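Step one of this worksheet: look at the structure below.
What follows is calculated from the coordinates using simple rules that are stated; it is not laboratory data. These numbers come from a predicted model, not from an experiment. All Cβ positions, even for glycine, are placed from backbone atoms using ideal geometry, and neighbour counts span all protein chains on display.
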Amino acid sequence: MLYSLYEMNHWAVAPFRAAAIAQSALLRSPLNPVAESDLVKAAAAASDVFESVTRRYRKPDWNLAATMVRSIPVAVKPKAVWTNAWCSLIHFQRDAEALQRARGDKTEPKVLLVAPLSGHYATLLRGTVEAFLPEHEVYITDWSDARMVPIMAGRFDMHDYIDYIAHMLRLLGPKTHVVAVCQPGPLVLAAAALMAESDDPCRPATMTFMGSPIDARKSPTVPNKLAEEREFAWFERNMIHTVPPIYPGAFRRVYPGFLQLASFMGMNWSRHVNAHRDYYEQLVKGDGETAQKHREFYDEYLSVLDLSEEFYLDTIKHVFQEYSLANGTLSHRGRLVRPEAIRDVALMTVEGENDDISGIGQTQAAHELCASIPEAMRQDYIQLGVGHYGVFNGKRFRTEIYPRMREFMRTFNGSSARARPKIAAVA
C-alpha cells in the first residue's frame, strides 16, 4: 500500500511540477522585460527548487567518455561483459590504439570494484572509477533495480550475491584485485574465503575493504543501533512493500529505494535543508557554477533503486543483528565461511575518521578475521577529515587514499602460477 501511495503522490504532483518548469522558463525568457528584477529572479529560483525536490530521478549516466594516460587522452566506453537479471559486470574499455601509444605493451592490473547494493546505483562510484582508469583495467558490478526485474526471474538473496562475486572473479581470471565499497564488504570477504579454501586459482590477488561493516558491533553508528534495537520481524512488517503493476517487477516484494533515501536524509535533515536553501540563494544571485555542483550531487544522491526482499532481510539478519561473519557462524550453501582460510591474498582496509555509516573499527575487523594472512601482506589506513562518502570519492580520495591503494596493488600483484579454470554458468 505504501508503495502505491508513493506513486500516487508522485503523479498527483506532476501537473504542479510541469507548471513550475514552464514558469521558470517564462520568467527567465530574454523576451521578459523584468527578467532581471529581484522579485522575478526569486520566483524563478523557487520554481527550480520545487521542480528539483519533486522530480523522479532516473539512473544516472556514467559520463566517463575519456581518461588521461601519461598525458595522452584515451577514449573510454562502458561495456557489459557479463549480465543476468540481477547484475551486469561493466568493463570500462579504453581505446586500444590510444592506449598503445600511451603505455606501449605494458599490461595493467585488473580491478573489480564491487559497488554497494544499498539504495544507490553503481554510478555513485563514478569518482572511484575515474581515479583508477588511467592505470588499471576497471570493472564494476552494476546491480539491478529490483522493481525492474520481472518476478519470473526468481529471487535474489545474499547467497546469490556471494556466488556472483566468485563468478566474476573467475571470469576476470587470476591476479584480479577486488575492492568492496561499504555494504558488500562482508559478502566479498565471504566469497574470497570460500575461493581460498577451495584453492581456487582465481581467488583475488588483493582485497580492499572501504568503509565496510565487516563487524558492525564496533563503534556502532545510528544505522547500526536502529538494526539492533528493532526486532527482525519489525523490518519484515514495516520495510518490505509490493512493487506496483506499473513496473516490470510488478508484485515483487522489495525494500523500496525511497525508504532507504528517507532514512539517509533523516540522519542529516538539517544539512539537506540548508543545501537546498543555499541552492535557492545561488540561483537568485546567478551563481551558475555553484548551483550546477549542487544539481550534479543531488542528481546522483536522489537516484535510488529497490532491493529484493530476500537480500535486504538477509543483510539485516546476518550483518547487523547476528554478525554472522564476525561470529564465525556464516554458512554459504552448506559450507561454513572461514576467513582464516585466506593465506595468500593481501588485505587492505580503509576507514574515514568521521564516517557516520560504518564506524571506526568495523572495517579493520577484517584483519582479526583473516588471521592467516601474514602481517607483511596487510595494510590498514584511516583517512583523517572525511566521512563515509569521502572514503571513496572526492579530493582526499584522489590525493591520499587512491595512491595508497595503487601502491598496495602493485606490491601484491598475485601469483602467475595460478591457472585459469573454465567458467561455469551462474543461474
*P(r) for the chain: what percent of alpha-carbon pairs falls in each 10 Å bin, starting at zero?*
4, 20, 30, 25, 14, 5, 1, 0
_Computed magnitude of the charge dipole of the range 1-131 (debye, nearest 20; Cβ of K, R +1, Cβ of D, E -1)_ = 420 debye
*Determine the dipole magnitude for the chain: charges of +1 sit on the beta-carbon of Lys and Arg, -1 on that of Asp and Glu, nothing else is charged, the reference point is the Cα centre, and the result goes in debye to the nearest 20.*
860 debye
*Please turn the phi angles of the range 393-409 into ³J(HN,Hα) values with the Karplus equation 6.51 cos²θ - 1.76 cosθ + 1.60 (θ = phi - 60°), one per residue in order, whole Hz, x for glycine and proline.*
8, x, 4, 5, 5, 5, 9, 10, 7, 4, x, 5, 5, 4, 5, 4, 5
*Show which lysines lie in cross-link reach of LYS79 when reach means a straight Cα distance below 17 angstrom and same-chain residues fewer than eight apart are skipped.*
LYS59, LYS110
*Show the residues, 5+ positions off or on another chain, whose built amide H is closer than 5 Å to the amide H of VAL69.*
VAL74
*Top positive-direction residue, dipole computed over the chain with Cβ charges, set GLN93, ALA131, GLY211*: GLN93
*If you take the square roots of the eigenvalues of the alpha-carbon gyration tensor of the range 1-101 and sort them as a ≥ b ≥ c, do you get rounded (a/c under 1.5), prolate (a/b over b/c) or oblate?*
oblate
_With both bridge residues required to lie in the range 299-418, what share of the DSSP beta bridges run antiparallel, to the nearest 5%?_
25 percent
*Mind pulling the angle between the C-alpha long axis of helix 269-285 and the longest principal axis of the chain? Nearest 10 degrees, somewhere in 0 to 90.*
50 degrees
*Hey, fewest Cβ within 10 Å first, where do PHE397, PHE232 land in order?*
PHE232, PHE397
*What residues have an amide H closer than 5 Å to that of THR176, excluding those fewer than 5 places away on the same chain, when H is modeled at 1.01 Å from N in the peptide plane?*
ALA205
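How would the range 138-224 be classified by its alpha-carbon gyration tensor: rounded, prolate or oblate, with rounded meaning a/c under 1.5 and the a/b versus b/c comparison settling the rest?
Judged from the Cα gyration tensor, the range 138-224 comes out oblate (a/c at least 1.5, b/c at or above a/b).
Order these by the 10 Å Cβ neighbour count, fewest first: GLU135, GLU289.
On the way: GLU135 19, GLU289 7.
Going from least to most buried by this count: GLU289, GLU135.
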*Using θ = phi - 60° and the Karplus curve 6.51 cos²θ - 1.76 cosθ + 1.60, what whole-Hz ³J(HN,Hα) does each residue of the range 262-268 get, with Gly and Pro shown as x?*
4, 5, 5, 5, x, 5, 9
_Whole-Hz ³J(HN,Hα) for each residue in the range 73-90, computed from phi via Karplus 6.51 cos²θ - 1.76 cosθ + 1.60 with θ = phi - 60°, x for glycine and proline: what do you get?_
x, 10, 5, 10, 9, x, 9, 6, 9, 7, 7, 8, 4, 9, 6, 10, 9, 9
*asked:* Just to confirm a number: summing +1 for Lys and Arg and -1 for Asp and Glu over residues other than ASN354 whose beta-carbon lies under 14 angstrom from that of ASN354, what do you get?
replied: -2
*Choose one of GLN292, MET348, LEU302: the residue whose Cα lies farthest towards the positive end of the charge dipole of the range 251-388 (beta-carbon charges +1 Lys, Arg; -1 Asp, Glu; about the Cα centre).*
LEU302
*asked:* If the elastic network links every pair of Cα atoms under 10 Å, which of ALA25, ALA75, ALA146 fluctuates the most in the Gaussian network model of the chain?
replied: ALA25
*Just how far, in whole angstrom, is the range 343-388 from the range 167-210 if you go by their alpha carbon centroids?*
16 Å
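Under the classification rounded if a/c is under 1.5, otherwise prolate if a/b is larger than b/c and oblate if not, where does the range 76-206 fall, given a ≥ b ≥ c as square roots of the Cα gyration tensor eigenvalues?
Details: a/c = 1.98, a/b = 1.35, b/c = 1.47.
Oblate shape, in that a/c is at least 1.5 and b/c is the bigger or equal ratio.
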*Can you sort ASP344, ASP105, ASP314 by how many other beta carbons sit within 10 Å, fewest first?*
ASP105, ASP344, ASP314
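Suppose a student asked you for the relative contact order of the range 77-196, using Cα pairs under 8 Å spaced at least 6 residues apart; what percent would you report? Write down the numbers at each step before the final one.
Numbers: 151 pairs, mean separation 39.3, N = 120.
RCO, the range 77-196: 33 percent.
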*Among PRO184, VAL222, GLY249, whose Cα lies farthest out toward the positive end of the dipole of the range 170-252, if unit charges sit on the beta carbon of Lys, Arg (+1) and Asp, Glu (-1)?*
GLY249
